[in-house]
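Take a look at the structure below.
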Amino acid sequence: MGRGSSGLRRLAHEIAKFGAVGALGTVVNFGVSNLLWHLTSLQAVRANVIATVVAIGVNYLGFRYFTYRDRDKSARTKELSLFLAFSAVGLVIENGILFAAIYGFGWDSSLERNIFKVVGIGLGTLFRFWSYRTWVFKTLPARDAVADAESFLETAEAKTGVEVEVQRPKAKQRVS
């Protein structure tokens, strides 16, 4: 195995977990926005902003307690503030595209709204993934060091054919 394969596996695992939470948030976002579009007299973009805010709440819980549960938890106030700030940028991206489609081009049917919602969510998701993993849910430095050491050992095993046994420390047990 190559030196970077362990890092690629970790990234692929992170992307899969991010995608699972994002899929749930997307279902919530589409569900709330379509309910508001069809059951209320709210303007389309205003209803979509509400739906996006609800989805942001669902996503924070999923990211904190599933996708990034192993990340640094020492500064929750800062984490939540950054999460909300970057989520607000994603909200502007998503709703800016919807606004341009409806008010700029007159594409306001239910189907057209949902198509441009998909485009907005897609672009917003790319921004959110980068910003959340870079600034909000930071990796603990020790985890990176261990991953680099494991990758180094995998490379050494592959080159020499000698299996290296690594003893991992036991996880701290919680006392209830």
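Structure notes:
- For the pair residue 130 and residue 162, a Förster radius of 30 Å applied to the C-beta separation gives a FRET efficiency near 0.15, rounded to the nearest 0.05.
- With the simple spin-label model, which puts each label point 7 Å out from Cα in the Cβ direction, the residue 13 to residue 89 separation comes to 2.8 nm.
- Annotation for residue 105 and residue 72: the two label points, set 7 Å from Cα along the Cα-Cβ direction, are 4.2 nm apart.
- Principal axis dimensions, largest first and in whole angstrom, of segment 24-71 by Cα: 43, 14, 9
- Converting phi to 3J(HN,Hα) with the Karplus coefficients 6.51, -1.76 and 1.60 and the offset θ = phi - 60°, segment 123-134 yields 5, x, 5, 4, 5, 5, 4, 4, 6, 5, 6, 8 Hz in sequence order, with x at every glycine or proline.
- Distance violations [Cα-Cα > 20 Å] among 78/117; 78/138; 117/138: 78/117; 117/138
- Amide H contacts of residue 71 (H built 1.01 Å from N, under 5 Å, at least 5 apart or other chain): none
Quick note: the coordinates plus some simple rules give every number you see, no bench work behind them. Please read all numbers here as calculations on a predicted model, not as lab measurements. Neighbour counts are summed over all protein chains in view; Cβ atoms, including those assigned to glycine, are modelled from backbone coordinates with ideal geometry.
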